[in-house]
Amino acid sequence: MRIAHCSDLHLLSLAGARALDFANKRWIGGLNLLANRGRHHHTEVFEAMVADFNRSALDHVIVTGDITNLALEEEFRFARRLFEGIELGPDRITVLPGNHDAYVARGAEYFSTYFDEYNRPDQGWESGQRWPVVRVRGPLALISLSTSLTTPWFTAWGRVGEEQLASLRAALVDPRLDGRFRLVAIHHPPAGERARSVVRGLRDRAGFADVIAAAGAELVVHGHEHLDLRAALPGPDGVLVAVRGIQSGTYEADNPERRARYRIYEVAEGAALGGRPALVGESLRVWDPARGEFASESASGSGGEIAA
């Protein structure tokens, strides 16, 4: 099974935006757009990624948040139109929100309106709360969390919350997931130095770590920092669970370490001791501005990965 992971698309559309829309935390994001994001995050790169998805024989796509820049309704509408170009369809594309998708309180409402199909739980996994979402696809059991909150100005931290953590633990140990590759998707990094940031980190990372230590998982993926971050959390019996971040999916600039990319994980049934599916390979697809398309890491000439 081939699973693609991308994040932090920051798809921008200011169509219909009014000055009143910036009379809140959005004015900070607006300044950031003028100084940075508007120049470096390009819709054309995501369109090329969609084309690459469609010819890459993927089984599932995971997008770990920050679909938009400013949580404007038109941005969500614009992003939804772009996502409809992915041939897999919503049942095989899982999208969760990031902090930019909750810049203002209505962001959660807009996200739910335009991306509900992309994070509906499977029948029988409805828990009475919006998150986490459990979707089982062949050997894959995908559990998506939301750490998306409207935080004070100049901050971008996240929180899972006690109810989600309890539901996450229950899902990870549910007998229905026995023999599945349990992949947890989250926006904020839950481990490593960046997770501890007071301004941008995950406030209840210790609670998340406790759940993984007790219940286990096969892989955790995240976004948020626009970097290839690698960490690990102890699972049951001291077995380490890999925690992997990825760069922005639309970043086009001279810095090769931040250039847009996505990662493909390959999972095979019966590949681990005891017969549980296991990760058997991975590859990077990196934006090549000279060719105007995504290519394998070696062919793109991108810089090395960042350890953290």
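Summary of values
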read-out	value
Neighbours by Cβ (under 9 Å, 6+ apart or cross-chain): first from region 69-82, of a type in the set (Val, Ile, Thr); second at pLDDT below 90 and outside any helix (DSSP H, G or I)	none
Residues located in region 235-248, provided they are modelled with pLDDT under 95, among the aliphatic types (A, V, I, L, M) and either within 17 Å of the chain's Cα centre (by Cα) or assigned to a helix (DSSP H, G or I) (or both)	none
Residue that is surrounded by the fewest Cβ atoms within 10 Å (Cβ to Cβ) [pool: residues in region 103-137 that are more than 30 Å from Val173 (Cα to Cα) and in contact (Cβ under 8 Å) with a residue 12 or more places away in the chain]	Ala105
Residues that are touching a helix residue (DSSP H, G or I) at 6+ places or on another chain (Cβ under 9 Å) and surrounded by 18 or more Cβ atoms within 10 Å (Cβ to Cβ), drawn from region 223-234	His224, Glu225, Leu227, Leu229, Ala231, Leu233
Tally of residues being over 14 Å from the mean Cα position of the chain (by Cα) and free of Cβ contacts under 8 Å to residues at least 60 places away in the same chain across region 138-148	1
Meets criteria (at pLDDT below 95, assigned to a helix (DSSP H, G or I) and out of contact with any Ser or Thr (no Cβ under 6 Å at 6 or more places or on another chain)) for Glu109	yes
Single residue of region 249-290 satisfying the filter (among the charged types (D, E, K, R) and more than 23 Å from Gly216 (Cβ to Cβ)) that is farthest from the chain's Cα centre (by Cα)	Asp254
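The values are calculated or read from the model by the stated rules, or taken from the named source; none is laboratory data. What you see is a predicted model; the values in this text were computed from it and never measured. Because the Cβ atoms are built from the backbone with ideal geometry, glycine has one as well, and the counts that use them run over all protein chains shown.
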